[in-house]
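K.L.:
Next up is a structure, given as C-alpha cells.
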Amino acid sequence: MPIYEYEAKDKRKSCAYCVNSFELLQNISDDRLKQCPHCGNQIIKLISAPRLGLSVSSLDDRAKAAGFQKLKRLGKGEYEKQY
C-alpha cells in the first residue's frame, strides 16, 4: 500500500496535525482525503517522489555481513573479488 502525503489548504485554520504535512497509508483504490481527520479542515494531497527501494550501499553491506562476496568484471570472462 502506498503512503500518501497531505497538508492543510489554509494553514491559518489548521490543527497541529495538518499544519505541516502528514502521511497516511492508503490503498490505491481508496478515495483521497478532503478533510483533516482531526480538525475537519480542508486538506490537499501532495505530490512526492516515490521511494523505489533500498540503497545499493545498504544492500552491499547486508550481503557482506551474510558472507557473500561481490565480484567486479575486469574483462570478458574475468572477475575480481571486491570483499
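Since every read-out is calculated from the coordinates, none of them should be taken as a lab result. Values in this document were obtained by computation on a predicted structure and should not be read as measured data.
K.L.:
Can you show me the helix-derived [θ] at 222 nm for the chain, built from DSSP H runs with n ≥ 4 at -39,500 (n - 2.57) apiece and divided by the number of residues, rounded to the nearest 500.
P.N.:
On the way: 1 runs with 10 residues, N = 83.
So the helix-based figure for the chain works out to -3500 deg cm²/dmol.
K.L.:
Can you list the lysines whose alpha carbon sits under 28 Å from that of Lys64, skipping same-chain ones fewer than 8 residues off?
P.N.:
Filter leaves Lys72, Lys76, Lys81.
K.L.:
Relative to the longest principal Cα axis of the chain, at what angle does helix 56-65 sit, 0 to 90 degrees, rounded to 10?
P.N.:
50 degrees
K.L.:
Then there's this: Express in nm, to one decimal, how much length is gained between Arg32 and Lys81 on full extension, taking 0.36 nm for each residue of separation and deducting their alpha carbon distance.
P.N.:
12.7 nm
K.L.:
Report which label in (1) 47, 13, 11; (2) 20, 15, 11; (3) 55, 14, 8 holds the value of semi-axes √(5λ) of the Cα gyration tensor in Å derived from the coordinates of this structure.
P.N.:
(1)
K.L.:
Subtract the Cα-Cα distance of Leu71 and Leu46 from 0.36 nm times their separation in residues, and report this length gain in nm to one decimal.
P.N.:
Working: separation 25, 0.36 × 25 = 9.00 nm, distance 4.15 nm.
Separation in residues times 0.36 nm, less the Cα-Cα distance, equals 4.8 nm.
K.L.:
Would you mind calculating the relative contact order of the chain from Cα pairs under 8 angstrom and at least 6 residues apart, reporting the percent as a whole number?
P.N.:
On the way: 103 pairs, mean separation 20.3, N = 83.
So the answer I get is 25 percent.
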